[in-house]
Amino acid sequence: MPFETEKDLSRLCIHTITTKPWSIEEALKYYSSAGVRGITVWREALQNRRPAEISRQIAEEGMSVVSLCRGGFFPSQEPAKRRAAIEENLRVIDEAQALRAPLIVLVCGADPGQPLEESRRQIAEGIQAILPHAEAGGIRLAIEPLHPMYADSRSAINTLRQARQMCREIDSPWLGVAVDVYHLWWDPDLQEEIGLCGNAGKLFAFHICDWRTPTVDLLNDRGLMGEGCIPIRRIRHWMEAAGFQGFHEVEIFSLRLWQTDQHGFLKRIIEAYREFA
Ligand code: ZN
């Protein structure tokens, strides 16, 4: 791999879900040989694997685990389900530790049967319940605000401002935010909020992809960078101006792209990253 290529890609990370048809062993082998240095691991990819063993393989490839996706889904009208969610999140923290992932991304959850305010109260409660365990394990937690189209059942936290306010209320250095351009690109306050999160030391992660027109599936029709209308490079500049120095994480769920040859897709990801991010 020529030096320039390595340098260009030094901050590129790919989420295992992006190349969902590949096993985690395939993903880390092919990412690594393409010059990708960061990997974010989805829990699904760890099924029937020992996280410590995967951690060893990742290190062997000279790669870093950027984060584990994902924890969260705290709210429910049923107290038993809320308790179960907290238990599950404690297990996610143990998994992150075994994987040596420094960060867990939280898709916070929502229950369509109750007001969003109530779901947000339960999210704060859930995060507070797991923070001591995260802190003891040296694992940071990132609230990922989700696009409002997911406010019914996936997250009651829909803007960066709401995420920042929750961080402020809970006030722990172990809690911050994940900025995903797919969820936040439309927000007129985005630049200002990124700046405020940066000042507070809360910019923990940055996820990139694109927004297609028309979007034909609410969950699984994300675009490759350059296929849509998100000003990715502009948002990246805002992140960097706010002090963010972490990885640029490509996170694409796409039934369309999962059907294509994943080697060709990986090549396109790297080209698109260079050109549009
Ligand atoms: Zn994301």
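For the residues L90, L146, a 1.4 Å probe over the protein chains yields an accessible-area ranking, largest first, of L90, L146.
In debye to the nearest 20, how big a dipole does region 23-163 give about its Cα centre with +1 on each Lys and Arg Cβ and -1 on each Asp and Glu Cβ? Can you show the working numbers first?
On the way: 17 positive and 18 negative charges, 39 e Å.
I would put it at about 180 debye.
With a simple spin-label model that places each label point 7 Å from the Cα along the Cα-to-Cβ direction, the separation between E275 and Q191 comes to 2.6 nm. Using the Cβ-Cβ distance between S153 and R256 with R0 = 41 Å, the FRET efficiency computed as 1/(1 + (r/R0)^6) comes to roughly 0.95.
Say R0 is 51 Å: what FRET efficiency, to the nearest 0.05, do R234 and A59 get from their beta-carbon distance?
On the way: r = 35 Å, r/R0 = 0.68.
Here the calculated transfer efficiency is 0.90.
Computed about its Cα centre, the charge dipole of the chain is approximately 240 debye, with only Lys, Arg, Asp and Glu carrying charge at their Cβ. Among L257, S23, G113, whose Cα projects farthest towards the positive end of the dipole of the chain, with charges put on the beta-carbon of Lys, Arg (+1) and Asp, Glu (-1)? Of the candidates, S23 comes out farthest on the positive side.
So how much slack lies between E125 and D94, counting 0.36 nm per residue of separation and subtracting their Cα-Cα distance, in nm? Working shown, then result.
Numbers: separation 31, 0.36 × 31 = 11.16 nm, distance 1.97 nm.
Extra length from E125 to D94 when fully extended: 9.2 nm.
Extending 7 Å from the Cα toward the beta-carbon at both Q165 and A200 defines two label points whose distance is 1.1 nm.
Taking all protein chains into account, the per residue accessible area for the chain stands at 43 Å² (1.4 Å probe). With bins 10 Å wide beginning at 0, the percent of Cα pairs of the chain falling in each bin runs 7, 30, 38, 22, 3, 0. Over all pairs of different C-alpha atoms, region 1-148 has a mean inverse distance whose reciprocal, the Kirkwood radius, equals 16.3 Å.
The values are calculated or read from the model by the stated rules, or taken from the named source; none is laboratory data. It should be emphasised that the depicted structure is a prediction, and the values quoted were computed from it without experimental measurement. Heads up, the Cβs are rebuilt from the backbone with ideal geometry, glycines too, and the neighbour counts pull from every protein chain shown. To get the accessible areas, we keep the full protein, side chains included, count just its heavy atoms, and leave off ligands, DNA and RNA. Shrake-Rupley method; radii C 1.70, N 1.55, O 1.52, S 1.80 Å.
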